[in-house]
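**Student:** Let me give you the structure first, and then I'll get to my questions.
Bear in mind these aren't lab numbers, they're just calculated from the coordinates by the rules spelled out. Everything quoted here is computed from the prediction, not taken from an experiment. All Cβ positions, glycine included, derive from the backbone under ideal geometry; neighbour counts span all protein chains shown.
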Amino acid sequence: MKLLMKEIKMKHLKNIVLLSALVGVCLGFISVKSPNQPIFGNIEKEYLLSKSFNFYPQEKDTSKWVAPAEADNLKNPIDVNEKTLTEGSTIYKINCRSCHGRLGDGKGVEAADLSTLSTNFTDPSFVKQSDGSMFWKISHGRNDMKPMNVVLSEKEIWTVINFIKTFSQPSKE
Ligand code: HEC
């Protein structure tokens, strides 16, 4: 009988230990998740969450972004003229300007909040790539740059490419 009591106590003890461990984990989770937690800044919090729960499966890739070589074979089907450049400018204002900036220099209003730099379209190393390479990158996205083929048609992506190439050209006006 005594032995049985002891066994039951042991079982309870185990349950209590398990339960407190569970509560501990929950509290830990809430403290990391709590939006107004001053201990960690947003970036650290994001980092912690990404580490512990893998909410962000992709690690930030800071290497030079290179499109597959086949992308160079893609040809831009959109003529460059006043009409298509105006269309490109409108697509840019709505979908790209917040990060890449009014002047295409990567200094848009949202850019400061990102952990990766928004590409400067006037940078010579950007300009020298093919339209096909740009098309591939805009469609696929990387890091903070989301895949744009979800919101834009292929035609719209080619149209905006013609427009972003004008940032590096001296203004004719
Ligand atoms: C939320 C911010 C954001 C928006 C919106 C955005 N971009 Fe980007 N873009 C970035 C960032 C950040 C990078 C750099 C990504 C990297 O190197 O990992 C980038 C990179 C690029 C690149 C590749 C540059 C290179 O390395 O050659 C192109 C092209 C580009 N963006 C075009 C666009 C176009 C066109 C749009 C609108 C249709 C757009 N982006 C919208 C943030 C943004």
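**Student:** Which translational diffusion coefficient, to the nearest whole µm²/s, is obtained for the stretch 69-168 from the Stokes-Einstein equation, given a Kirkwood hydrodynamic radius over C-alpha pairs, 10 °C and 1.306 mPa s?
**Tutor:** 117 µm²/s
**Student:** Could you check the spin-label model distance between SER153 and ASP79? Points 7 Å from the Cα along Cα→Cβ, value in nm.
**Tutor:** 1.8 nm
**Student:** Sorting TRP65, TRP158 on the 10 Å Cβ count, fewest up front, what's the list?
**Tutor:** Listing TRP65, TRP158 from fewest to most nearby Cβ atoms yields TRP65, TRP158.
**Student:** Say each of GLU59 and SER115 gets a label point 7 Å from the Cα, pointing the same way as Cα to Cβ; how far apart are those two points in nm?
**Tutor:** Distance between label points: 1.2 nm.
**Student:** Decide, for the stretch 59-112, between rounded, prolate and oblate: order the square roots of the alpha carbon gyration tensor eigenvalues as a ≥ b ≥ c, take rounded if a/c falls under 1.5, and otherwise choose prolate if a/b is larger than b/c, else oblate.
**Tutor:** Judged from the Cα gyration tensor, the stretch 59-112 comes out oblate (a/c at least 1.5, b/c at or above a/b).
**Student:** 7 Å from Cα along Cα→Cβ at both LYS146 and GLU70: what's the point-to-point distance in nm?
**Tutor:** Reported label-point gap for LYS146 and GLU70 is 2.7 nm.
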